[in-house]
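Just so you know, all these numbers are worked out from the coordinates, no wet-lab data involved. Keep in mind the model is a prediction, meaning the values are calculated, not measured. Ideal geometry is used to build each Cβ from the backbone, glycine not excepted, and the neighbour counts take in all protein chains shown.
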Amino acid sequence: MIVQPTDIAIFLVSFAACVYCFVLSKRLKALQNTKDGLGATITALSTSIATMSATTQDTRARVESMATRLAHLIAEADKTCQKLETTIASVDKAKANATDEVQTAQMDLYMMMRTALDQSKERINEMTGVMRQMRVMTDEVSRSLEPAETAGTARPRRA
């Protein structure tokens, strides 16, 4: 059997392919290693994804619960706002009514006080008039009694 150059070339190419396959096999084994290689990375990523998925589900459940609670609180706040608006309106109306009543009472009091003062002035004027009349009458009586006093005992006269 004669060895030809093409046979040698085929043999060398086949040998190079075997060495290359051997190197690739080692690299694949290293990548598949679950302690240090790509397998460990894939395992860690799978664990992280599972944890993240569970956390996402838990967060989603909590958010839904909080959204329901928030919607309930918003509805309750709306009802409270409506009650407050109604209360404020009734307080404003009551305030307006009370203000009107106070003003009316003040005017009535003013009129009554005015009337009382006017009547008081009239009574004072009447009393002053009566006092003057009494003084005049007293003076007249004392004048009419003076000649009688001069004849009798002298009384001290008022100034």
message: Just to be sure I understand the model, the point goes 7 Å from the Cα along the line to the Cβ. What's the resulting ASP92 to GLN32 distance in nm?
response: 8.2
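List the longest stretch of the chain that has no exposed loop site; here a site is one of the trypsin sites (Lys or Arg not before Pro) assigned by DSSP to anything other than H, G, I, E or B, with at most 14 other Cβ within 10 Å.
Numbers: sites that count: LYS35, ARG157, ARG158.
That would be 36-156.
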task: Please give the direction-averaged projected area of the C-alpha convex hull for the chain, in square nanometres with one decimal.
output: 32.3
- request: Starting from the Kirkwood radius over alpha-carbon pairs of the range 6-70, derive D by Stokes-Einstein at 4 °C in a medium of 1.567 mPa s and give it in µm² s⁻¹.
  value: 81
- prompt: Rounded to whole Å and sorted largest first, what semi-axes of the equivalent ellipsoid does the C-alpha gyration tensor of the range 28-106 yield via the square root of 5 times each eigenvalue?
  reply: 71, 10, 5
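What are the semi-axes of the equivalent ellipsoid for the range 79-123, taken as the square roots of 5 times the Cα gyration tensor eigenvalues, largest first, in whole Å? Working shown, then result.
Numbers: eigenvalues 359, 4, 3 Å².
Each semi-axis is √(5λ); the values are 42, 4, 4 Å.
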